[in-house]
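This report concerns only the one structure given below.
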Amino acid sequence: MTQTIRLTAAQAMVRWLSLQQAEDGSRFIEGVWAIFGHGNVAGLGEALHAHRDALPTWRGQNEQTMAHIAVAYAKASGRRKAMAVTSSIGPGATNMVTAAAVAHVNRLPVLFIPGDVFANRAPDPVLQQIEDFDDGTVSANDCFRPVVRYFDRISRPEHLLTALPRALRVMTDPANCGPVCLAFCQDTQAEAYDYPVEFFTPRVWHIRRPEPDARELAEAVAAIRAAKRPLIVSGGGVLYSGAEATLLDFARAHNIPLVETQAGKGAVDWEEPLHFGSPGVTGTGCGNKLAAESDLVIGVGTRFQDFTTGSWTVFSAPGRKLLSINIHGYDAAKRAAQPLVADAKVALERISAALDGHRFADPDFKARADWFALTDGIFSQPSGNELPSDAQIVGAVGRVADKNSLVMSASGSMPGVLHVLWRAAQGGYHMEYGFSCMGYEIAGAMGIKMARPAREVICLLGDGSWMMANSELATAVMMGVPITVVLVDNRGFGCINRLQKATGGAPFNNLLDDAFHVNQMALDFVSMARGLGAHAVKAASLVELEAELVKARSASVPTVIVIDADPLPGTGAGGTWWDVAVPEVSDRPGVNEARKGYEQGIKAQWLVN
Ligand SMILES: Cc1ncc(C[n+]2csc(CCOP(=O)(O)OP(=O)(O)O)c2C)c(N)n1
Ligand SMILES: [Mg+2]
C-alpha cells in the first residue's frame, strides 16, 4: 500500500519545492519572494513559515520588481538555479505579468505562484476577482498565459502531483526554458490531501546537452570549410550552455573572429584579439566592418533580434550564408539560416573536431586596434558642454572597473552605450535586452549579487528608470546586498528624445522640460536614495564619480552615486540602421525628411525568410 502523508496543498508545494536540487546539489529554487494578501497569506504563507529553514521566504516591495530580482538571479546563475515569486490574487498577480514577460522573452526560469479565486466559487466574487461576464473559468491570472512557458491552475490538491514536475521540467529544459505560472486557488491552498510519500523524494534536475544531428553537423562543417571569412555571432545561449571556454578555444583553433550580442556579451574577455566587440545597431565599428566583409555568419545561441542584425541590414548580402547553431529549431531556422540544432558547447566541440585544425586567414586586426583608439578618444574627450555624456560616464566607470566588476543595465541610453563601448571582462556583463524593461535595473542588480556574491555589481541606470522603480533598493539594504548604482540624471527620457528627433519629431513629452508641467520637477535623488537606507552621494564630476566608485567597493550597504549628464550626445561611434517606422505623411518637414531616409533604409533590409 502506498504510504501517504496528509498535507495541505500549500504545504505539499513548499515541501516538494524545497527538495528539488540543482546539478551542484543545492536547492534549485533558492528561495521564495512573497508579498502576501488574502489570496496567499493563510494557505501558502503558513506553509512557507513552517518550511522557512528548508526554503527561505523574502519580502519585497513590489511584485513586479521582486520578480525582476528572480529573473536576474536566474540569468546570473546561467539558468542553473531559480527563485519563486508569490502574490495575492488580483493586483499583486497582475503586477507580476510584466516580469513574467521579461523572463519569457529572455528565456529564463522563474516560478510564479499567484493566488487565484476560490475553486469552489463560494465567495464569488471574492475581493479582487475580475468577473468575466461570459466565461466562468477566467481569472486575472489568465494574463500570464502568453508570457509563460507553462501555465496551470491548481484547483485541486492532487493537481500538484503532475503540475510541479512539469514546472521544473520546463524550467530546466535548455530549449524550452522559461517562466512557469502555477495559479493557486485560495481554498485549494488550504485543502488537505493524502500525498504519496515518494512524491517528496529529493530529485536532481540535470540540464541536458543535446548532440547535433549527423547530417546537420556534416553540412555545418562543410559550410565552414567552404567559407573564406567566417564571423561568429555569440549570443546568450553560449552563456546558458556554459560554452565560454569552448567558444574561445574554437575561435582560436580556427582563427575565426567573434562578436557578442547583448545577451552574449562577456562570454569572452574583451582583450582577446579575436574579439571584435558587438554587431548591429549597437555594434562596434570593427565588428560591423567584419560583418559586412564576411561570407559566413555563424550564430551561436542567438535569437538574431533586430538590434543584433541591424534590422537585417548588417548581415544582408547576396551570397552570404547564415549558419545558426541553436538549441531550439525555432531560432535555428530563422532567416533561412542553415540550422544546427544542438547544445552550443557540444556543437562547437563536434565542429572543431571535424574541422581538423582548419584555419582561416587573419581578420583585420588593425580595424580592431583603430576602434579601441577611437573609443579611448571618446572616453577622454570633454563633451563640449558643461555636463558629461553617457559615453564619458561609461569611460569613467571603466577606468575604475577591474576583472571582478560586472556592469548591468536594461533600459534607456545605457544598454546601447555599454554594448558598444564597455570592455567587459569574462562574465562581467549582464543586460536585460530581451524586454529592455525600465525598472529592472535596481532589482536586477540585487538578483545578480545574490547569485554572484563575490563579484562587484555596478548598476547603471537613468533617472527615468529610477523613477519607475527604485523601491527594491530598500530590500537590498534590508537583506545586506551591497550593489553600486550609478544614476545618470539627464532630466528625462534621453534616448527616446534622441530617437524622436532622429525620426523628425518635435521634442515632446520625453525630457522633463518638454513635458506638460505646472511646477517643474526638482528631483533630489540623493535624498531619495538615502531615504531608502542606501549610502548616497552626488558626484559633481567624472573624477568624483571614479573616487566614489572606489569607496563603494568596500561598502556593506548599497551605494547610489548620482551624476548629472547631457541628454543630447549619442554614443559617438559604431552602430548601424535600426528599423523605426517613420510616418508616411506629416505636416512636419522634419518628419518628411526623416521618411526619405527611412525609405532608403528599408531598401537595404534583407527580408528573405
Ligand atoms: C517599462 C518600460 N516603459 C517604457 C519603455 C520605453 N523606454 C525605453 S528607454 C525610455 C526612457 C528611459 O529614460 P532614462 O531611464 O532616464 O534613461 P535615458 O534614456 O535618459 O538615459 C523609455 C520610456 C521601456 N523600455 N520600458
Ligand atoms: Mg534620463
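The values are calculated or read from the model by the stated rules, or taken from the named source; none is laboratory data. Fair warning: this is a prediction, and the values are worked out from it, not measured in the lab. Positions of Cβ are backbone-derived with ideal geometry, glycine not excepted, and every protein chain shown enters the neighbour counts. Side chains are part of the model used for accessible areas, which takes the heavy atoms of the whole protein and leaves out ligands, DNA and RNA. Shrake-Rupley method; radii C 1.70, N 1.55, O 1.52, S 1.80 Å.
Some observations on this one:
- Crossing angle, helix 390-400 versus the chain [Cα axis fit, 0-90 degrees, rounded to tens]: 80 degrees
- Nearest-ten-degree value, helix 214-226 long axis tilted from longest Cα axis of the chain: 20 degrees
- Protein accessible area in the range 137-253, 1.4 Å probe - carbon and sulfur %: 54 percent
- Accessible carbon and sulfur surface of the range 283-369 relative to its total accessible area, %, 1.4 Å: 55 percent
- Amide H to amide H, with H built 1.01 Å from N, Leu296 comes under 5 Å of Arg229, Leu231, Lys321, counting only residues 5 or more places away or on other chains.
- Between the range 409-437 and the range 1-75, the Cα center-to-center distance that results, in Å: 31 Å
- Residue-level accessible surface for Cys143, protein heavy atoms, 1.4 Å, Å²: 70 Å²
- The range 416-468 - accessible surface per residue (Å², probe 1.4 Å): 24 Å²
- Protection-proxy order for peptides 524-536, 253-265, 584-596, each taking the mean of Cβ atoms within 10 Å per residue, highest first: 253-265, 524-536, 584-596
- Residue-by-residue Karplus 3J(HN,Hα) for the range 307-315, coefficients 6.51, -1.76, 1.60, Hz, glycine and proline x: 6, 5, 9, x, 6, 6, 10, 6, 9
- In the context of the full set of protein chains, residues of the range 56-127 present 26 Å² of accessible surface per residue (probe radius 1.4 Å, heavy atoms only).
- Helix 244-254 axis versus longest C-alpha principal axis of the chain: approximately 30°, rounded to the nearest ten.
- Of Lys75/Lys366; Lys289/Lys551; Lys81/Lys228; Lys265/Lys366; Lys75/Lys501; Lys345/Lys449, those spanning more than 30 Å from alpha-carbon to alpha-carbon: Lys75/Lys366; Lys289/Lys551; Lys81/Lys228; Lys75/Lys501
- When only alpha carbons are used to place a centre, the range 246-312 and the range 540-583 end up 24 Å from one another.
- Packing-based ranking, highest mean first, of 51-57, 299-305, 550-556 given that Cβ atoms within 10 Å are counted: 299-305, 51-57, 550-556
- Mean separation of Cα pairs under 8 Å and 6 or more residues apart, divided by the residue count, gives the chain a relative contact order of 13 percent.
- Among beta bridges from DSSP that stay inside the chain, the antiparallel ones total about 10%.
- Along the axis of the charge dipole computed for the range 425-472 (Cβ charges of +1 for Lys and Arg, -1 for Asp and Glu, origin at the Cα centre), the listed residues Gly444, Ile458, Ala425 are led at the positive end by Ala425.
- Accessible surface of the range 492-562, 1.4 Å probe, proportion on carbon and sulfur as whole %: 61 percent
- Stokes-Einstein D in µm²/s, Kirkwood radius over Cα pairs - the chain at 20 °C with 1.002 mPa s viscosity: 84 µm²/s
- Taking the Cα centre of the chain as reference, the dipole from Cβ charges on Lys and Arg (+1) and Asp and Glu (-1) amounts to some 1240 debye.
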